[in-house]
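Below is one structure; the comments refer to it alone.
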Amino acid sequence: MILLILKIILIFLAFLLLILAAILFIPFQLTLKAVKEDKDLGLKGSAYWISWLFQTRVEYWDQKMKLIAVILGIPIHIPLKKMKRGKEKEEKVPEKAAEEKKYKVGKMSVRETEEKETPIQGDTSTGKKEQKSTESQEAEVEKRGVRDMIAFYQPFIRKTLIPQIRHLFSYFHLRIRCLHLVFGHENPAVTGWVEGAVVSSTPFLADKRMADPVSTCFRYDKKTLDFNVDLYFSMNLYGIVIRLLIIWWHYRRLSSLQRRIKHEPDAGETS
């Protein structure tokens, strides 16, 4: 019986480790498509880890939004009308509550005027000077503490934090699959100037392969700004977790060293 329980526990732990490894090594992905034609705007996005296991979809078209959750390949529509009705009910305030608020505000204003009219007794110039001096001393002590803290952590920020953050961004991948722009201005001369600027800059971007998914179209007959965008974003948790652990480890070492310095007595002090 004990061996059976141990086997179940080991199988459960192995399953948890497998899920953890999958979460770390399988990237999270996000796709977004947006289309604007004249005054119509349409959006379609999906976020998923494993598409057939868990996925969320958002669709917006004709001022209507749909939210769909896909679990094990089964789509589940999440209604949004109930949420809107709940918000409308919260926004409606009864008239009695509004009147009570006005009455309370009137009372508070009367009290404030009475307090302003009553003379303040016992205040002297010496007390004010002492308060100002103590406040200035406290401000100087705080400034010195902040300066010492910055000077202590400056090597950590320069040598560890900034390089690790730079490496951290390499685990985020953003790719533009398609970007189609339609531009038109009321003045055709402005449209021609923009088209000339785009055409003249295209050869410089083509060398870096930045203009491959981008296409443009210009309208001289009307004012418009339409677009068609298709984006893909992925995030690898394994590298992000490693970089964050490195930053945390160095910060912990510095914080422990700072505590030792604070608790150690000065060399000039005697026991």
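The values are calculated or read from the model by the stated rules, or taken from the named source; none is laboratory data. Quick caveat, the model's predicted, so the values are computed rather than measured. Don't worry about glycine lacking a Cβ; one is built from the backbone with ideal geometry, like all the others, and counts go over all protein chains shown. The area values use the complete protein model at the heavy-atom level, side chains included, leaving out ligands, DNA and RNA. Shrake-Rupley method; radii C 1.70, N 1.55, O 1.52, S 1.80 Å.
If I ask for residues that are charged (D, E, K, R), under 25 Å from residue 35 (Cβ atoms) and modelled with pLDDT under 85, which ones from segment 182-214 would you list? It would help to see each step written out before you state the result.
If we filter segment 182-214 for residues that are charged (D, E, K, R), which is where we start, we get 186, 195, 207-209, 212.
Applying the additional criterion that residues be under 25 Å from residue 35 (Cβ atoms) yields 186, 195, 209, 212.
209, 212 - these are the residues of segment 182-214 that are charged (D, E, K, R), under 25 Å from residue 35 (Cβ atoms) and modelled with pLDDT under 85.
Mind counting the residues in segment 43-75 that are open to solvent by 80 Å² or more (accessible area, probe 1.4 Å) and either touching a Lys or Arg at 6+ places or on another chain (Cβ under 8 Å) or farther than 21 Å from residue 23 by Cβ (or both)?
To start, the set of residues in segment 43-75 that are open to solvent by 80 Å² or more (accessible area, probe 1.4 Å) comprises 44, 52, 54, 57, 61-66, 72, 74.
Restricting the remaining residues to those that are either touching a Lys or Arg at 6+ places or on another chain (Cβ under 8 Å) or farther than 21 Å from residue 23 by Cβ (or both) gives 44, 57, 61-66, 74.
The number of residues fulfilling the criteria is 9.
Give the residues of segment 41-70 that are under 30 Å from residue 224 (Cβ atoms) and in a loop (DSSP other than H, G, I, E, B), sorted by residue number.
Taking segment 41-70 and keeping what is under 30 Å from residue 224 (Cβ atoms), we get 41-46, 57-66.
Answer for segment 41-70, where residues must be under 30 Å from residue 224 (Cβ atoms) and in a loop (DSSP other than H, G, I, E, B): 62, 63.
Pairs needed: first member in segment 225-250, more than 30 Å from residue 195 (Cβ to Cβ); second member anywhere, among the polar types (S, T, N, Q) and in a helix (DSSP H, G or I); C-beta distance under 8 Å; at least 6 residues apart or different chains.
Close Cβ pairs satisfying both conditions: 239/170; 243/164; 246/160; 246/164; 247/160; 247/164; 250/160.
Anything in segment 7-37 that is open to solvent by less than 90 Å² (accessible area, probe 1.4 Å), farther than 19 Å from residue 171 by Cβ and not in a strand (DSSP E or B)? List them, or say none.
9, 13, 14, 16, 19
Kindly evaluate residue 243 against the criterion of being among the basic types (Lys, Arg), out of contact with any Phe, Trp or Tyr (no Cβ under 7 Å at 6 or more places or on another chain) and either open to solvent by less than 60 Å² (accessible area, probe 1.4 Å) or part of a strand (DSSP E or B) (or both).
So residue 243 passes the test.
Can you pull out the residues in segment 162-193 that are surrounded by 15 or more Cβ atoms within 10 Å (Cβ to Cβ), assigned to a helix (DSSP H, G or I) and either touching a Phe, Trp or Tyr at 6+ places or on another chain (Cβ under 9 Å) or charged (D, E, K, R) (or both)?
Quick first cut of segment 162-193, residues surrounded by 15 or more Cβ atoms within 10 Å (Cβ to Cβ) only: 164, 168, 171, 179-185, 191.
When the remaining residues are screened for being assigned to a helix (DSSP H, G or I), the result is 164, 168, 171, 191.
Answer for segment 162-193, where residues must be surrounded by 15 or more Cβ atoms within 10 Å (Cβ to Cβ), assigned to a helix (DSSP H, G or I) and either touching a Phe, Trp or Tyr at 6+ places or on another chain (Cβ under 9 Å) or charged (D, E, K, R) (or both): 171, 191.
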